[in-house]
Amino acid sequence: MRTAAHRVRLIASAALLATALSTGAAATAAPHMPAPAAAPVSATAAAPTAAAAAAQASWPTVKSGQRGVDVTTVQLLLTARGHAVKADGVYGTGTVAKVKAFQKAQHLPTDGIVGPQWAALVRGGGGGGTPGGGAKLSDAQAAAKLKAAGISRVSSGNCTDRNRKNCTSLEGIRVGTVDGVIALKKKSGCKITVTGGTETNHAGGTYSHWNGYKVDISRTSCVTSYIQGHATKHHKRGDGAWVWRVTSGGKTVVDYADERWANHWDITYY
């Protein structure tokens, strides 16, 4: 039986993993969560910031035989780094081989294990990550990651085309946004259903649905109770939606807009 301390450590590790992913996986440009750059791992890399070092130190070890969301995350990052592997959440021989190939390419020990030095995997093995939500995922990648975490998606048009307003698309959604939704489910214990993603017909702007920083989820009593109990009622938007905000270190990390008329929460991850 897991102890309370062990459960807390698992939750903390998951949260730090989400933070690391949202900061560094910048294969392209970056809802709502400014985060520190991922910690470098090579001897020639610059010294990591304190926050990045903490994230690196708390990175969970993922290795052969394991299953779950962390494995799926590793597989998606491997694919994004040019070492394509099926994102099935199972750390089998195929994933081991791809990890070793990535390690060899980055001149790291080829043990096939993703441990505290995988800042390199998050960063893509070189160059600084961009702040914000991190890399963009394909619809299939994002859907697989959400499904592995027990999160469903619905659309009025029963479609995923981001160019149709009645679809719910995840094409181009940020890693940080997906990880934020998964963290919300883990922390709240609520059933989470995505009802809006990167499809057209949402408001524009930098931190927009189209740019991958925002997501809509069903407005259930469980979700509403959790948000209002863990965020601060901040301001009313021009459309009448009250925004509940979470800040850290004086910076906004997530905004929850209560769009009651549409029966969903519009969430932005900075």
I want to confirm something. Restricting to the stretch 240-270 and keeping residues that are modelled with pLDDT of 95 or more and charged (D, E, K, R), which single residue is nearest to ILE173 (Cα to Cα)? ASP266
Can you find a residue that is in a helix (DSSP H, G or I), of a type outside the set (Phe, Trp, Tyr) and surrounded by fewer than 18 Cβ atoms within 10 Å (Cβ to Cβ) anywhere in the stretch 216-223? yes
Across the stretch 163-188, what is the number of residues that are open to solvent by 50 Å² or more (accessible area, probe 1.4 Å) and in contact with an Asp or Glu (Cβ under 9 Å, 6 or more places away or on another chain)? 5
Test: GLY133 is at pLDDT below 95 and in a helix (DSSP H, G or I): no
For a quick check of your reading of the model, give me the residue pairs whose first member lies in the stretch 63-79 and is at positive phi, whose second is open to solvent by 30 Å² or more (accessible area, probe 1.4 Å) and part of a helix (DSSP H, G or I), with beta-carbon atoms closer than 8 Å and at least 6 apart or on different chains. GLY68/ALA148
Just give me the residues in the stretch 64-90 being out of contact with any Lys or Arg (no Cβ under 8 Å at 6 or more places or on another chain) and either outside any helix (DSSP H, G or I) or among the acidic types (Asp, Glu) (or both), in sequence order. SER64, GLY65, GLN66, ARG67, GLY68, ASP70, ARG81, GLY82, LYS86, ASP88
Considering only residues of the stretch 95-125 that are assigned to a loop (DSSP other than H, G, I, E, B) and modelled with pLDDT under 70, which is nearest to LEU78 (Cα to Cα)? GLY124
Tally the residues that are touching a helix residue (DSSP H, G or I) at 6+ places or on another chain (Cβ under 8 Å) and under 15 Å from ALA183 (Cα atoms), restricting the search to the stretch 231-270. 5
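The values are calculated or read from the model by the stated rules, or taken from the named source; none is laboratory data. Since the model is a prediction, treat every value here as computed from it, not as a measurement. In this analysis, Cβ positions are derived from the backbone assuming ideal geometry, glycine residues included, and neighbour counts consider all displayed protein chains. Ligands, DNA and RNA are stripped out before the accessible areas are found, and what is left, the full protein with its side chains, is counted by its heavy atoms. Shrake-Rupley method; radii C 1.70, N 1.55, O 1.52, S 1.80 Å.
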